[in-house]
Each structure stands twice: as structure tokens, then as C-alpha cells.
1. Of everything in the range 600-614, what is open to solvent by less than 80 Å² (accessible area, probe 1.4 Å) and in a loop (DSSP other than H, G, I, E, B)? Give them in sequence order.
2. Against the condition under 27 Å from R27 (Cα atoms) and either open to solvent by 40 Å² or more (accessible area, probe 1.4 Å) or among the charged types (D, E, K, R) (or both), how does N440 come out, does it pass?
3. Pull up the range 362-401, narrow it to residues that are without any contact (Cβ under 8 Å) to a residue 24 or more places away in the chain and of a type in the set (D, E, K, R), then point me to the one that is surrounded by the fewest Cβ atoms within 10 Å (Cβ to Cβ).
4. Could you look through the range 693-721, keep only residues that are open to solvent by 40 Å² or more (accessible area, probe 1.4 Å) and assigned to a loop (DSSP other than H, G, I, E, B), and pick out the one that is farthest from V767 (Cα to Cα)?
5. In the range 724-756, what count of residues is obtained for those that are under 30 Å from I528 (Cβ atoms), in a loop (DSSP other than H, G, I, E, B) and open to solvent by 30 Å² or more (accessible area, probe 1.4 Å)?
6. Against the definition (farther than 21 Å from Q583 by Cα, of a type outside the set (D, E) and at pLDDT below 95), how does S654 come out, yes or no?
7. What strands (runs of 3 or more DSSP E) completely inside the range 66-131 contain at least 3 residues that are touching a Cys at 6+ places or on another chain (Cβ under 6 Å)?
8. Given the conditions (1) open to solvent by 20 Å² or more (accessible area, probe 1.4 Å); (2) of a type outside the set (A, V, I, L, M, F, W, C); (3) farther than 30 Å from T637 by Cβ; (4) modelled with pLDDT of 95 or more, report the number of the one that E690 does not fulfil.
Amino acid sequence: MTRRNILFWLLAAGLLLAAPARAEHTRFWRQSDYSEFERGTAKGVALRSDGKLMLAPRFAQFSDPNLAYLWALRVDSKGRVYAAGGSNAKALRLDESGKASTVFEVQELLAQALAIDTHDNLYVGTSPDGKVYKVTPEGKSSVFFEPKTKYIWALLFDADGTLYVATGDDGKVFAVGPDGKGQVFFKSEETHARALAFDSKGNLILGTDPNGLVIRVEKVKKPGAALPDAGAAFVLYETAKKEVTALATDRQGNIYASAVGEKAKPAGQAPLSPQGFPSTNVNSMAAVSQQIAALQQQQAPPQTAQPAPGLAFLPSLTGGSEVYRISPEGSPESLWSSKDDLVFALGFSPSGKLLLGTGNHGTVIQLERDGIYSSLAKTASGQVTSFASGAAGTLFLATANPGKVFQLGPGNETDGSYESQTFDAKIFSHWGRLAWWGENGATAGKVSFYVRSGNTSNPEKSWSPWAGPYTDASGESVACPPARFAQWKAVFRAGEGDPTEISWVNLAYLPKNVPPRVDAIVIQDPGIRARGLLTPVQPGLTPVPPVPLRLPQMNPAAAAATAAAASAMQEFQQRSKQQMPVQGFSEKGFQSVVWAASDDNDDDLVFLLYYRGEGEKNWRLLKDRIENRFYSWDTTTMPDGAYVLRVVASDAPSNPPDEALTAERQSDRFEVDNTPPEIRNLRAEPNGGEVRMRFDARDAASALGHASFSLDAADWELVFPAGRLTDARQESYDFVLHNLPPGEHTVAVQAFDRFDNAVTAKVTFVVARQPAR
């Protein structure tokens with residue numbers, strides 16, 4: 001049957017005139033949430049977690065001192081920026097142009113902590129076997145305090161000039177006077193005292209590792225004492241993480257804490273790899289430094305410090321992170337969490353919003369309100385490790401991998417752009433109207449859109465030029481050529497009034513209609529009727545137990561990909577868009593076929609089923625208007641013989657009549673046989689107490705299945721043909737009955753073909769009484 005004839009059948013059935021609107025070909029590529037926008041590329045544009053794009057604060061690289069990492073950043077009273085990092089323990093001073101000069105360097109491994117006193121003296125904490133060095137504004141350095149501990153994690157000056165030093169491996173906090181004399185201020189039960197801050201009442205706040213505690217320690221100054229003593233200690237909060245990496249307090253007295261790593265992993269030093277380099281399976285910054293120290297001790301000759309191996313392994317830090325707020329009354333609240341990003345630093349924007357310095361993508365995140373946050377800037381480094389406030393609303397931030405210093409603010413960028421991810425329509429498509437919406441998103445001159453298209457997944461390889469600008473938020477038809485892929489770009493410009501936000505972007509496209517596919521056809525075993533699982537059982541009838549169906553596979557690759565995740569039934573229904581689940585039931589005389597079909601346009605499909613007898617030329621319509629992917633019919637309406645089916649799929653329900661397309665596939669050969677076999681020449685040959693039984697069975701259409709006999713209405717017993725194999729249309733049977741008593745007997749025999757058609761015949765005979773001897 002030609003395509004014209006097939007469409008005639010569909011038209012006559014009313015399928016082309018009542019096409020459902022839900023499958024119309026026009027599609028829309030819509031982006032509206034954070035996860036979608038996150039896949040694009042922002043330059044000078046911030047992305048909020050509620051799916052809004054807007055101009056970001058000014059962000060630029062301030063200095064590249066050519067170091068592997070920077071750990072700490074401070075600004076003195078004259079606005080000079082200091083940074084601590086390595087590989088060798090080193091402190092740098094950055095001038096107004098960002099040019100770096102070394103003001104301190106020793107042959108120790110890490111410089112991780114900085115502090116500046118009221119006279120602009122710089123204090124540098126080093127590790128391992130840490131010391132605190134004092135560097136004067138003139139650049140003269142000397143050992144200021146030596147706590148005799150492994151690590152120095154944080155330095156913090158009190159208003160009275162006392163320097164607090166947080167250390168590990170003993171979890172001690174030291175108090176050091178201006179003369180460099182110090183004492184243990186507080187000994188925690190933790191391994192590391194990791195972070196320091198003061199609350200609104202001047203109490204010392206301590207963050208720890210490995211139990212992730214936030215501890216408040218009161219300060220007691222005895223008369224005549226040079227240094228304060230620790231008063232009552234109280235755990236404000238035990239975080240869900242292993243290590244508190246940073247602490248900060250705001251003007252309202254709230255305490256903020258960031259914590260990383262999973263507590264389930266045992267605390268202590270992580271093992272070294274066989275090559276001697278730090279293991280990548282670490283979940284805290286303390287573990288990082290411990291491994292570096294272990295590496296130095298393992299590889300360095302006595303009394304010879306070696307350079308750090310760099311932080312190439314930092315992107316493998318694991319365990320996720322969480323940020324908490326503890327109110328002045330002491331109630332804790334989780335503000336933000338991530339399974340992937342790790343928070344290394346906390347700071348505040350000029351407007352007082354909390355900033356997170358994260359890894360392992362080097363992103364600055366700003367917490368807004370009600371759980372909303374913004375991705376303000378993405379550095380070219382792996383981790384943001386420290387914040388420091390400068391003059392006039394400028395914020396500096398340090399990074400690691402590599403070590404650089406960036407400047408955030410003051411104010412927002414004057415312009416910025418955002419390029420969406422590449423969109424794959426899967427099919428060659430025509431591109432339609434581009435529309436968008438957002439607060440002030442339609443303000444003239446503040447945002448313009450551009451669109452380009454191409455036929456490669458990489459937009460830089462021979463795509464069309466950007467078409468635009470498009471400035472009408474309600475929608476404009478784009479002028480880029482038909483293609484498989486597309487991408488849009490938004491260009492923001494600052495202006496008077498409220499800033500522009502973009503909440504969603506919509507691009508219409510029309511895929512070229514392509515024919516559907518009939519991927520596979522499976523003819524079921526004879527005597528199975530396929531029904532939908534929702535078919536009700538007739539009242540008064542006993543439910544019939546189902547039998548398994550053989551289901552088609554889309555293709556070997558698809559079957560292998562889903563075999564571990566779903567059963568064959570689930571795979572079949574999902575991959576073939578089956579409208580009704582299918583199950584098989586035994587019912588003599590019925591034949592069933594199940595097929596898989598698909599359409600790249602995701603069109604609704606309708607099917608026609610044809611049959612043709614072996615040796616015939618013309619196809620005959622068996623059933624039209626089939627919406628499911630299976631069909632069963634009563635084969636008693638067909639002559640016995642061999643047949644082939646043809647399944648025709650049409651996307652007519654989803655297309656205008658002159659654009660509807662069809663596809664077809666033929667089944668394997670199958671047989672119909674509803675005629676029972678014949679039994680011929682049934683005879684009994686008594687010989688004393690034994691009787692020889694012989695008969696022939698023959699079927700006109702198919703091979704025989706099996707035969708059996710019953711003696712005097714006893715149970716049926718199986719009997720083999722003369723050659724023992726039942727594999728032909730005609731078989732001869734020859735068997736002997738032993739020890740039959742004298743008298744009349746009846747033997748019934750039955751023969752079945754492989755379609756379970758059966759015939760029965762009988763013979764009656766007499767066994768003579770044997771004469772007495």
C-alpha cells in the first residue's frame with residue numbers, strides 16, 4: 001500500500017482532522033532556574049539562587065604574585081594590602097597598582113595566618129613547628145612568639161593589644177602580650193583550634209576540628225596580671241561537619257561559622273600515597289596541612305625545609321560544607337549548605353551581607369535573604385581563602401591554586417554579559433521568537449539579547465554570527481539560520497533607576513518533522529492474547545493467571561544501557577511511549593504481536609496493521625487506528641497457513657495532513673493453524689497378554705506436538721513416535737501394552753500439534769483367556 005493510500009485510511013478514520021494540540025511541533029527552550037543558568041558563562045553578571053540574572057559588583061584581578069597559593073589577607077591603617085602564602089612561608093605587601101614585594105620569608109613550609117596591630121606591625125603565623133613573626137612597617141622581621149606547637153591556624157588582636165594564637169595539634173589558644181610573652185589561654189579537648197573571632201561582649205569565639213565545635217570562652221583579667229585568663233567555656237553549637245574553617249560576627253551580634261568535611265571519617269593525619277604525595281581523599285584543611293607537614297618530614301633532610309608540593313590536590317577535598325548563624329541569644333540556624341562547594345572564608349560586603357569564599361570552583365557567594373544566595377564572581381583559581389576590607393567599599397580576596405588577589409567593588413559593573421549553555425534541539429530546527437521577563441527587564445537600553453545557531457556542539461566552530469540586538473521583552477523573531485544547536489546571550493548595561501533582573505528566557509523553535517520508526521516487532525507464541533493491564537475482569541469469571549510476553553528491544557545499545565536499571569517491561573513501556581501497559585494471557589486460537597516504535601519529534605503515533613499470506617502479493621488490512629503498541633486477534637477467522645505482518649506507524653495525530661510521515665516494518669514469518677491433526681490406521685494387535693498398538697498421526701499445516709494414550713479410561717500416558725523425535729507433520733507410533741487381563745479393553749489415543757489443536761480416536765479389542773496348562 002502506498003503512502004497516499006495509508007494517509008487516505010487515516011483521513012477516513014478522522015485521525016487527521018482531530019489532531020491533538022498537545023503534540024504540535026512548536027517547542028520552547030526555556031531557562032528559568034539556577035541549575036539551568038549555572039551552566040552558562042557569566043562575565044560581570046551575578047546569578048541568584050532563585051534563578052535571576054543581574055549585574056554583579058565590580059570584580060577584577062588586583063595582583064598576581066606568582067605563588068601557588070595565598071592563605072590570608074589583611075589591610076593596614078594606611079590601606080596597604082598584605083598577603084601570606086607560599087610555597088616557602090612568605091608575606092607580601094601589595095602597592096596601589098597590585099605590584100607585590102616580599103616583606104617576609106623564611107624556610108618554613110606554610111604561612112597561614114596574618115594579623116596587624118594598631119601600629120601597623122604585621123604578624124605572620126607559620127607551620128609546621130609554628131612560630132609567630134613580627135614584621136615592622138620598615139620590613140624588619142623577628143620571632144615574636146614561639147608556642148611550641150605544630151600548627152598556627154589563626155591570629156587575632158584584642159582591643160587591649162593582646163594577640164590570640166589558635167594552634168594545633170593540641171587545640172590550644174595562646175594569649176600573647178605586646179612584649180611577645182605569652183601563655184596558654186585556653187586548652188580545648190579538640191585537636192585543632194582552627195578559627196577565632198570576638199562576640200559583641202568581647203568574649204573569644206573559637207572554632208575547632210575534628211568535632212566542628214563553636215566555643216565561647218569568657219576573658220577574665222585579674223588585677224595586676226599582664227594577660228587575661230580564660231573564664232567559663234561554653235559550646236555554643238556543635239556543627240554537623242568536622243572542621244570549622246572560618247568565623248565572623250556582624251554589628252547585630254550574630255556569629256557566623258562555616259564548617260566542612262564529614263565527621264564519619266576518623267580524625268587525624270590522612271595517609272600518604274605510595275608515591276609520597278598527599279592523598280586526595282581528605283575532607284578538611286587541617287588534614288591538608290598535616291599531609292604537607294608529613295611530606296616535608298618524610299622527604300626533607302634533617303634541618304632542611306623543603307618547598308610545599310603545591311595544592312594541586314585541593315580540588316579533591318570532600319565532604320561538603322555548611323554555614324550557620326548563631327544569634328546573640330545563642331539560637332543556631334543553618335543558612336546555606338552544599339554537597340560540592342567548600343567554604344574556606346567568611347566576610348561581609350559593604351552593605352553588610354555575608355560573603356562566602358568557596359572551592360573548589362573559586363566562587364564568591366553572597367547570602368541574601370530567606371535562603372536565597374547569589375554567585376557574585378568566579379575567580380580563575382580553585383579556592384577563595386580569605387577576605388579583607390579596604391577603603392571606600394573595596395573588598396579584597398585571596399585565592400589558592402593559583403595564589404592571586406582580586407578586588408570586589410566598589411559598586412556594580414557598568415556592563416556585563418551572560419552566554420547561555422548550548423541548546424541541542426536534537427533535530428534540524430527553525431528558530432522563532434525570543435522573549436524574556438524580569439524586574440525592569442523590559443527597561444529600554446538596560447538589556448539586549450543576541451542569538452546564534454550552528455550544527456556543531458561547540459559554538460566556536462563555524463556557527464552563525466550573533467543575530468540581534470533584540471530589545472523587546474515580549475518577543476521578537478530571531479534572524480539566525482535553521483540548525484540543530486542554538487545559544488543566546490544577554491548584555492546588561494547600568495542605568496538610572498532599579499537594576500535590571502532577568503528571571504526567564506524563552507526561545508521558540510520548530511523541529512523539522514522526521515518519520516517515526518518501528519524499531520522492532522515480536523510475534524508472540526500461539527495461544528497468547530495480549531491485553532492492557534487495566535482491562536477489567538468480567539463479573540463472575542475467575543481471573544486468568546498471566547503468562548510472560550516477549551518484548552521488543554529498541555536496539556542493543558539501549559537495552560544494555562537500561563538493563564541494570566529497569567525490567568524489560570518498564571524499559572519497553574518507557575522507550576516505546578506505550579499508552580497502556582500490556583500483559584499476556586492464555587487463550588486458544590489467539591495470536592498477538594508487540595512492537596516498539598519511536599519518534600524523534602516526540603509525536604503521538606497511530607498504527608495500522610496489515611497481513612499477507614505466504615506466496616501472496618497483496619497486503620490486507622487487519623486493524624487500523626491502533627494507539628497502543630500491541631494487538632491480538634482471533635486467528636480462527638483466517639485460513640491455516642504461513643503469514644507475515646506489516647506495522648505502519650504514522651505521526652498524523654501531531655501534524656497537518658500534508659506533512660504527516662509514516663514508517664513501516666515487517667515481522668518474521670509465523671504460522672496459523674486451527675485445524676486438529678488426523679489419526680489414521682489405529683489398530684490393536686493382541687498376542688496373548690500383550691497388545692501391540694500402532695497408529696499414524698498427521699497435520700496439514702504444522703509439525704506435531706505430542707501424543708498420548710489411555711487404557712480403559714485411566715490417566716493419559718505420553719508416547720513417543722517411532723523415531724522418538726516429534727519434529728514432522730506426520731509421525732508413526734508403535735508401542736506394546738503388557739500383562740493385560742483377559743476380556744474387552746478400550747485404548748484411546750490423542751495427538752496434538754504445536755498449536756495445541758487435538759484429535760482423539762479409540763479402538764476396542766478383546767484379550768483371550770489363555771488355556772490352562
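The values are calculated or read from the model by the stated rules, or taken from the named source; none is laboratory data. All figures in this text were calculated on a predicted structure; none of them were measured in a lab. No Cβ is skipped: glycine too gets one built from the backbone with ideal geometry, and neighbour counts run over all protein chains shown. Ligands, DNA and RNA are stripped out before the accessible areas are found, and what is left, the full protein with its side chains, is counted by its heavy atoms. Shrake-Rupley method; radii C 1.70, N 1.55, O 1.52, S 1.80 Å.
1. Residues of the range 600-614 open to solvent by less than 80 Å² (accessible area, probe 1.4 Å): 601, 603-613.
Hits for the range 600-614 are N601, D603, D604, L605.
2. So N440 fits the description; yes.
3. D370
4. Of all residues in the range 693-721, those open to solvent by 40 Å² or more (accessible area, probe 1.4 Å) come to 694, 698, 700, 706, 711-718, 720.
When the remaining residues are screened for being assigned to a loop (DSSP other than H, G, I, E, B), the result is 700, 712-716, 720.
On the way: A700: 35, D712: 13, A713: 17, A714: 18, D715: 21, W716: 21, F720: 24 Å.
Across the range 693-721, the extreme among qualifying residues is A700.
5. Taking the range 724-756 as the starting set, the residues that turn out to be under 30 Å from I528 (Cβ atoms) are 724-731, 733, 748-756.
Right, trim to in a loop (DSSP other than H, G, I, E, B) and you get 724-729, 754-756.
Next, only the ones that are open to solvent by 30 Å² or more (accessible area, probe 1.4 Å) stay: 724-729, 754, 756.
Counting residues in the range 724-756 that are under 30 Å from I528 (Cβ atoms), in a loop (DSSP other than H, G, I, E, B) and open to solvent by 30 Å² or more (accessible area, probe 1.4 Å) gives 8.
6. On the way: farther than 21 Å from Q583 by Cα: yes; of a type outside the set (D, E): yes; at pLDDT below 95: yes.
In short, yes.
7. Details: elements: 81-86, 90-94, 100-105, 110-116, 122-127.
Filter on the range 66-131 gives an empty set.
8. Looking at each condition in turn, E690 falls short on (4).
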